[in-house]
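Working notes for the structure below.
The values are calculated or read from the model by the stated rules, or taken from the named source; none is laboratory data. This is a predicted model, so every value here is computed, not measured. With ideal geometry, Cβ positions are generated from the backbone for all residues, glycine too; neighbour counts draw on all protein chains shown. We work out accessible area using only protein heavy atoms, side chains counted, and drop any ligands, DNA or RNA first. Shrake-Rupley method; radii C 1.70, N 1.55, O 1.52, S 1.80 Å.
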Amino acid sequence: MMAPGEQFSRWQRSDFRLALFGCSALAAVYLGFIGIPIRVAEDLVKRGGYYLMLASVALFVRAWWRSRSGGSIHREPLTKSQWWIAVAAIGLLSFMAIMAEPYCSKILNDEFVLQSTAFNMHFFRDVATMVRGYEIQGVFVPTDNYLDKRPYFYPFVVSLLHDLTGYRTTNAYLVNSALMPAALGLAFALGRLLSGWRAGLLAVLLLGSLPLLGQNATGSGMELLNTVMILAGLVLGAAYLHEPNERRLAAFVLAVVLLAQTRYESALYVAPAALVTLLGWLRQRRVIMPWAAIAVPLLLLPVALQNRVLSHSPVLWELNEKTAGRFDFSYFNDNVRGAFAFLFNLDAERANSLTLSTLGLLALGWAMWCGWRALRRPLSAEPARLALGCFSLAIVANTFLVFCYYWARFDDPMASRFSLPLHLLFAFAVVLLAAEFDRRGWAVSRALLVFVAMFSVASAGGKFGFHYFSHLGIDEIEWQRRYVKALPHGQRLIISNQSTLPWLLDQKPSILIGRARMVADRLHYQLDGLSFHEILVLQSLRPTTADGDHQISPEDKLPAYFKLETVVEKRFGTRISRISRLVSVEMPADWHAPIATPSRSSAASSE
């Protein structure tokens, strides 16, 4: 019989843990891709995804805190003046981005969907987006919830802030405002690991002057969190390669678990994380397998299940009429042309940085050549450069995948956000090239710091406040929300012509105009004041003549038996937004509900 001490020793042996990891991986592959039916998979993510995410975050925070107990991985400590210069640069650039414009969504519908998921995660612990919602005995209850295609780490973070401060739609923007200095701080840390504090400061200026990054500081999208998690993975990966041990590997792999659940393409970073892990084993000449690493495949199970649900739900792909599939190599050439048109654009309306694009593309070519040479002896490379090289493979794969996506031209203002990982690669390629010149005695990093500070940072302020996304559409929705919020208190039903989600987030019942046509009899019944104080209808009027005549857009028209009373109008560009009050519904005797068109479901249009 084996002694207790021997049993414990066997339990701690790395080969035994490696076998457990293999079992965990096999179980995750089977459950994620084979063993669970699609309908069950959807229910599992909706009902259990929140708790698995909570466990992942708690494990990461604990592992990160424990990993800090090791020695410093920096070559030299910062002097007091260097520390203050870095803090001032990060604070100033973050302040510029946050103060450039009021908080508002940048991408119509996408950011409202993320906020809706955060709403349900806060109130009900469900990973789901609401379709409709009504107040029942004083409590607003969302109905017809569905599992959205978007990863839910960002909604989870927003829901945590809701838990701490109470539900407010502003919390989604506050999260991104806090993430902006976090991103620049991590960029400084990585640059410092690559080549000292001046390299870190150069990385801060290059990324902090990128309008595309700064615009997200006042939005409610998931791009900034994705950027932060990529940088966190790089810093923690470099720390692990500097001193490979269980604590640092645990923090690194758990950061990658969260990164994989931040954006669709971010699951690609699991592969380079595995490569970094293997390189750490080779550097240490032993297998390092903390318990957190054994749990990683199971913690990634929601990623596989959610992607299976998405793959079997074409309505969530949001394709246009001319597009047959999401990914195809036929989109590649057009998307590459769009990328160059964006990266080297001279217009003030675009969120590119010509300095970063030009220097970054040149430096990237040099870095690729150096990386090819370093393949001969990869274990001799510096830890930060080795981690950056591994993650660069995922960034390149990410960019290639995006170029094969049907809607990914970077010069499309709503698709340019997909280029943020590529801009990270540009920035750190410039840092490495400047460090190489400095090593040869040319003092290039100092000259670049002055150049970027004088030109790129100075020109970035105006671009921060001109996001050029769906600006007019967002402005119209925000005006409507402000106007309705200023009305006397009372329960109102909003019949919207764009999206119901902004109203549901304000806990106001809302349906689309198409739905209103179908339920005219119910609206007639509700006009007696049983549930709603009043019913408001939102419509758009488009120009019809050069003399300024307008008419209601065909898709916004209601049948003649809907009697409306105009309340207020406001012009947005060439269109007029109108808010009307529903006075009566005088249905004809032979009325019957129209048949709903099956072309798009309420899930895709966020009705």
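Looking only at residues of region 93-111 that are in a helix (DSSP H, G or I), in contact (Cβ under 8 Å) with a residue 24 or more places away in the chain and of a type in the set (A, V, I, L, M), we find that the one that is surrounded by the most Cβ atoms within 10 Å (Cβ to Cβ) is Ala97. Among the residues of region 111-129, is there at least one that is modelled with pLDDT under 90 and touching a helix residue (DSSP H, G or I) at 6+ places or on another chain (Cβ under 9 Å)? Scanning region 111-129 turns up no residue that is modelled with pLDDT under 90 and touching a helix residue (DSSP H, G or I) at 6+ places or on another chain (Cβ under 9 Å).
Selection within region 367-380: residues that are touching a helix residue (DSSP H, G or I) at 6+ places or on another chain (Cβ under 7 Å) and closer than 16 Å to Ala238 by Cα. The member of this set that is most open to solvent (accessible area, probe 1.4 Å) is Leu379. Tell me which of these Leu558 doesn't satisfy, since it passes every other one: (1) part of a strand (DSSP E or B); (2) in contact (Cβ under 8 Å) with a residue 40 or more places away in the chain; (3) farther than 20 Å from Trp479 by Cβ. (1) is the only condition that Leu558 fails. Of the residues making up region 167-185, one or more are out of contact with any helix residue (DSSP H, G or I) (no Cβ under 8 Å at 6 or more places or on another chain), assigned to a helix (DSSP H, G or I) and not charged (D, E, K, R). The C-beta contact set for region 435-459 (first residue aromatic (Phe, Trp, Tyr), second residue open to solvent by less than 40 Å² (accessible area, probe 1.4 Å) and assigned to a helix (DSSP H, G or I), distance under 8 angstrom, 6+ apart or interchain) comprises Phe437/Val444; Phe437/Ser445; Phe451/Thr355; Phe455/Thr355.
Against the definition (within 20 Å of Val87 (Cβ to Cβ), open to solvent by less than 10 Å² (accessible area, probe 1.4 Å) and in contact with a Phe, Trp or Tyr (Cβ under 6 Å, 6 or more places away or on another chain)), how does Gly200 come out, yes or no? So Gly200 passes the test.
Of all residue pairs spaced 6 or more apart or on separate chains, those with beta-carbon atoms under 9 Å, a first member in region 68-92 that is part of a helix (DSSP H, G or I) and a second member that is of a type in the set (Phe, Trp, Tyr) are Gln82/Trp197; Trp83/Trp197; Ile85/Trp197; Ala86/Phe188; Ala86/Trp197; Ala89/Phe188; Ile90/Phe188.
For (1) touching a Gly at 6+ places or on another chain (Cβ under 7 Å); (2) surrounded by 16 or more Cβ atoms within 10 Å (Cβ to Cβ); (3) hydrophobic (A, V, I, L, M, F, W, C), each residue gets a yes or a no:
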site: Pro488; (1), (2), (3): no, no, no
site: Gln491; (1), (2), (3): no, no, no
site: Asn497; (1), (2), (3): no, yes, no
site: Val519; (1), (2), (3): no, no, yes
site: His524; (1), (2), (3): no, yes, no
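Among the residues of region 422-438, are any surrounded by 17 or more Cβ atoms within 10 Å (Cβ to Cβ), at pLDDT below 85 and closer than 22 Å to Trp369 by Cβ? Yes, the conditions are met somewhere in region 422-438. Which pairs have Cβ atoms under 7 Å, sit 6 or more apart or on different chains, and link a residue in region 122-134 that is in a loop (DSSP other than H, G, I, E, B) to one that is basic (Lys, Arg)? From residues that are in a loop (DSSP other than H, G, I, E, B), the pairs are Asp126/Lys46; Asp126/Arg47; Val127/Lys46; Ala128/Lys46.
Taking (1) assigned to a loop (DSSP other than H, G, I, E, B); (2) free of Cβ contacts under 8 Å to residues at least 24 places away in the same chain in turn, Gly365 satisfies each apart from (1). Here region 251-260 is the region considered, the condition is being open to solvent by less than 10 Å² (accessible area, probe 1.4 Å) and of a type outside the set (Phe, Trp, Tyr), and the residue that is nearest to Thr227 (Cα to Cα) is Leu259. Is there a residue in region 344-365 that is of a type in the set (Phe, Trp, Tyr), at pLDDT below 95 and open to solvent by 80 Å² or more (accessible area, probe 1.4 Å)? Checking region 344-365: not a single residue is of a type in the set (Phe, Trp, Tyr), at pLDDT below 95 and open to solvent by 80 Å² or more (accessible area, probe 1.4 Å). Report yes if Ala604 is at pLDDT below 90, in contact with a Leu (Cβ under 7 Å, 6 or more places away or on another chain), outside any strand (DSSP E or B) and not charged (D, E, K, R), otherwise no. The answer is yes for Ala604.
For region 381-420, the candidate set comprises residues that are among the charged types (D, E, K, R) and over 14 Å from Leu234 (Cβ atoms); within that set, the residue that is surrounded by the most Cβ atoms within 10 Å (Cβ to Cβ) is Arg417. Tell me which residues, restricted to region 21-42, are surrounded by 15 or more Cβ atoms within 10 Å (Cβ to Cβ) and either free of Cβ contacts under 8 Å to residues at least 12 places away in the same chain or assigned to a helix (DSSP H, G or I) (or both). Phe21, Ser24, Ala25, Ala28, Leu31, Gly32, Ala41, Glu42, listed by residue number.
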